[in-house]
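See below for the structure under consideration.
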Ligand code: B12
Ligand code: SF4
């Protein structure tokens, strides 16, 4: 049987990274079936196109996975596929919480023939076998023989054959420049960001987050060996295709067990398996100097930190009181000292937010090392404690906001400002962090650093700008390049002619203020 795994586009911007579930389920598919992957972010298709594709390629089963924000698109695609007579199974966080919606048992239309609840590592082979026999059931739940909920152990994690998977659709570089870029340095013919998980679960239970409910508070890890082998395979692929691969460790909290994270990072260093990587780590866990040393030495370049707010009352309200705004600056300095930078994520529209929250937040951000601030709105995702609280208080304005997804739009009324004011705060945050002036300032703040770091932060900011100000197509990119021409010109000039007056802190591996760890500086994709 031919199986298509499809991830709908997010409707806002081109995704920088494919979704892990597709590769994982592909690897877990029983032998004898062919699995095709399509990520709508990389290969946009409308309903008619996907229906035609499914017919022409004689697909026997389609699996669709989606977050809440893409679910409306996912349902439309599923409807089109079912209309040509091909069964659809849906999985992922949204349909796990609202299976009745997907199956049309809540009074609405039916979109899926079957739903996989929760983690599907163990149920997927059953789904495929049932579909092949034409005996697809409606609901697949991860339960053991006694009918008790069971979470897959990650100890026998499958080998994802990164050396063979066709990653063509996920190359972030424009095709026309492949041949030329292959010859630059160690080769830039391809550039991919690949998702890798080393563990699942987070016990913190922040009110707005689905993770603790979905994965449970039991944290599970892969063996160090299996993660290291995966990195080595990715590194070999990059070398073979004269390209670059960076890894996004998608664990919800990569250092949730600091001892184990350190041991993994040590093993990565010892095996020379370093690639450039990014991971999500909460600020409280970054107090550990040795952990930060190991992050830098093992290839860590960016850390995503869910700061959410600079107001302790807000943090307490959403059960994230373990975040201490007073230490944010110190944590970021600690990372920057090792040339690791942060993606700092903020949520506006919290109950204690008042107008001006964006500027108050930016005042703090400006005192920190340059990073990538991102701004969102408090969003009641289905089945989260936040959703239940707001529903009980009668504060939801769009109960089923996912049915008509609007980017950066609230679905409830904040307590101390209006919805429109909250939207304006998010707009303020993005406009003031990603204007040409802000980008120039971020580059200048790294004036004492090698050119590569400054180009890196500039390109990263340009890409992140697209999260709020979509830059689809060449024209949009050209316009942004025009606005940033001074910074671009400055960086090109320095690349061509060098610069004599630059104050130098030296390369990170030569600096005395950065502790040395074995194999430091060998990270390269
Ligand atoms: C990596 C990640 C991202 C990446 C992008 C996704 C990518 N390319 O991988 C980035 C950083 C860009 C991102 C952004 C956002 N994310 Co995100 N992200 C994650 C994260 C941390 C890991 C996803 C992952 O790969 N998990 C590991 C895989 C193995 O698990 P899985 O995807 O759930 O798949 C398993 C099952 O669900 C099931 N399954 C999944 N799909 C399917 C399909 C079929 C057919 C079947 C049978 C089974 C199945 O089987 C899999 C194996 O067990 C999750 C949290 C988490 N731990 O999952 C949040 C998460 C998915 N993100 C979330 C959110 C809210 C967002 C944002 C909206 C945040 C924001 N406010 O901006 C944005 C939106 C992005 C966009 N524009 O599209 C929520 C989604 C909740 C929901 N109900 O929708 C999650 C769950 C985290 C949370 N805080 O609650 N995210
Ligand atoms: S720390 Fe992050 S992953 Fe864990 S519950 Fe809070 S928001 Fe979710």
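The values are calculated or read from the model by the stated rules, or taken from the named source; none is laboratory data. All figures in this text were calculated on a predicted structure; none of them were measured in a lab. Cβ coordinates were reconstructed from backbone atoms using ideal geometry, including for glycine residues, and neighbour counts include every protein chain displayed.
General remarks:
- Selected residue (only one of 303, 247, 258, 278 is surrounded by 20 or more Cβ atoms within 10 Å (Cβ to Cβ), modelled with pLDDT of 95 or more and over 15 Å from residue 231 (Cβ atoms)): 303
- Residue among 293, 288 that is modelled with pLDDT of 95 or more and in contact with a helix residue (DSSP H, G or I) (Cβ under 7 Å, 6 or more places away or on another chain): 288
- Leading residue by the ranking (nearest to ligand 1 (Cβ to nearest atom)) among those in the stretch 32-55 that are outside any strand (DSSP E or B) and modelled with pLDDT under 95: 41
- Single residue of the stretch 209-243 satisfying the filter (more than 27 Å from residue 156 (Cβ to Cβ) and surrounded by fewer than 21 Cβ atoms within 10 Å (Cβ to Cβ)) that is farthest from ligand 2 (Cβ to nearest atom): 242
- Looking only at the stretch 191-248, and only at residues there that are touching a residue at least 40 places away in the same chain (Cβ under 8 Å), assigned to a helix (DSSP H, G or I) and within 13 Å of ligand 1 (Cβ to nearest atom), the one that is nearest to the chain's Cα centre (by Cα): 211
- Within the option set 6, 53, being in contact with a helix residue (DSSP H, G or I) (Cβ under 8 Å, 6 or more places away or on another chain) and crowded, with 16+ Cβ neighbours inside 10 Å holds for one residue only, 6.
- Members of the stretch 301-326 that are away from ligand 1 (no atom under 13 Å from the Cβ), in a loop (DSSP other than H, G, I, E, B) and in contact with a strand residue (DSSP E or B) (Cβ under 7 Å, 6 or more places away or on another chain): 309, 323
- Meets criteria (in contact with a helix residue (DSSP H, G or I) (Cβ under 8 Å, 6 or more places away or on another chain), more than 16 Å from ligand 2 (Cβ to nearest atom) and modelled with pLDDT of 95 or more) for residue 321: no
- Checking each residue in the stretch 307-320 for being in contact (Cβ under 8 Å) with a residue 24 or more places away in the chain and buried (at least 21 other Cβ atoms within 10 Å of the Cβ) picks out 307, 308, 309, 314, 318, 320.
- Scanning the stretch 267-288 for residues that are in a loop (DSSP other than H, G, I, E, B) and within 16 Å of ligand 1 (Cβ to nearest atom) turns up 281, 282.
- Pairs where the first residue, in the stretch 350-361, is assigned by TED's automatic domain parsing to the domain that holds residue 321 and the second is surrounded by fewer than 15 Cβ atoms within 10 Å (Cβ to Cβ) and assigned to a helix (DSSP H, G or I), C-beta under 7 Å, 6+ apart: 352/313
- Residue match in the stretch 391-407 (condition: at pLDDT below 95 and surrounded by 16 or more Cβ atoms within 10 Å (Cβ to Cβ)): yes
- Residues of the stretch 56-71 that are under 15 Å from residue 9 (Cβ atoms) and surrounded by fewer than 19 Cβ atoms within 10 Å (Cβ to Cβ): 67 alone.
- Considering the stretch 448-500, the residues that are assigned to a loop (DSSP other than H, G, I, E, B) and within 22 Å of residue 369 (Cβ to Cβ) include one that is modelled with the highest pLDDT, namely 484.
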